[in-house]
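Single-structure report; data block below.
The values are calculated or read from the model by the stated rules, or taken from the named source; none is laboratory data. This is a predicted model, so every value here is computed, not measured. Note that each Cβ is placed from the backbone with ideal geometry, even for glycine, and that neighbours are counted across all protein chains shown.
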Amino acid sequence: MIRTLTDEQYAVFMVKIPEAPIRDRCIMLLMLHAGLRNGEVCGLRFNDLYLEGSAFTTIEIHNGHGNNELVRLVPLSVALVSALEAYYPVYVEKFGRPDPHQFAFITRNQKMPIQQRDVQRITQKWTSLWLGTSFHPHLLRHTFATRLMRKTSIRVVQDLLGHLNLGSTQKYTHPTSEDCKNAVNQTF
């Protein structure tokens, strides 16, 4: 069974996320609301997210997993677009206008691109504070996929996650007891 945020944890997370600095908020929402992998978040550049300072509502992700050259289009949630819109002016105020090819997320002190370990620390810090237990960044991606599986087809989830093999996506089809109950009640 894949571990994800429960519906209650997700609700708390979304209520608390405005407490995080805007950079951290964007990083976590890119995994939770767009299903990006940790490494994909670290590799994002300003021109992947913005055009002349305005956030895109859909982004192209070059599959950073495996040896394939797939590109997937990922629509962004309203909450994520709002966070990205808030991030850009904060970045400009602190560091100046970025080069479009510059990494979008940098460390606070050294102006170096964030690394996967940084994303792990960010995610664990905030989930521990808000939810009483720390979660790994990939859990946010798992939550994205699992929540989508409740609303759409497995093929849509496969495309959004960038999976080549449908079998990789099938692990998110784990029904809860509530899902089973609802299925029976809605059918009969």
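Here is how the numbers come out for the structure above:
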item: Helices (runs of 4 or more DSSP H) within the range 59-151 that include 1 or more residues at pLDDT below 95 and within 16 Å of Gly35 (Cα to Cα); result: 137-149
item: Test: Leu36 is in contact with a Phe, Trp or Tyr (Cβ under 7 Å, 6 or more places away or on another chain) and under 18 Å from His138 (Cα atoms); result: no
item: Contacts under 6 angstrom Cβ, first residue in the range 1-17 being touching a residue at least 12 places away in the same chain (Cβ under 8 Å), partner part of a loop (DSSP other than H, G, I, E, B), 6 or more apart; result: Met1/His174; Ile2/Lys171
item: Enumeration of residues in the range 81-103 that are surrounded by fewer than 17 Cβ atoms within 10 Å (Cβ to Cβ) and either closer than 15 Å to Leu51 by Cα or within 23 Å of the chain's Cα centre (by Cα) (or both); result: Ser82, Glu85, Ala86, Pro89, Val90, Val92, Arg97, Asp99, Pro100, His101, Gln102
item: Meets criteria (assigned to a loop (DSSP other than H, G, I, E, B), at pLDDT below 90 and of a type in the set (A, V, I, L, M)) for Leu164; result: yes
item: Criterion: charged (D, E, K, R) and either over 18 Å from Arg121 (Cα atoms) or assigned to a loop (DSSP other than H, G, I, E, B) (or both) - qualifying residue of Arg23, Arg3; result: Arg3
item: Any hit, the range 47-63, residues being within 20 Å of Gln116 (Cβ to Cβ) and out of contact with any strand residue (DSSP E or B) (no Cβ under 9 Å at 6 or more places or on another chain); result: no
item: Pair list, Cβ < 9 Å and 6+ apart or interchain, from the range 50-70 residues that are under 15 Å from Tyr87 (Cβ atoms) to residues that are assigned to a strand (DSSP E or B) and at pLDDT 95 or above; result: Phe56/Tyr50
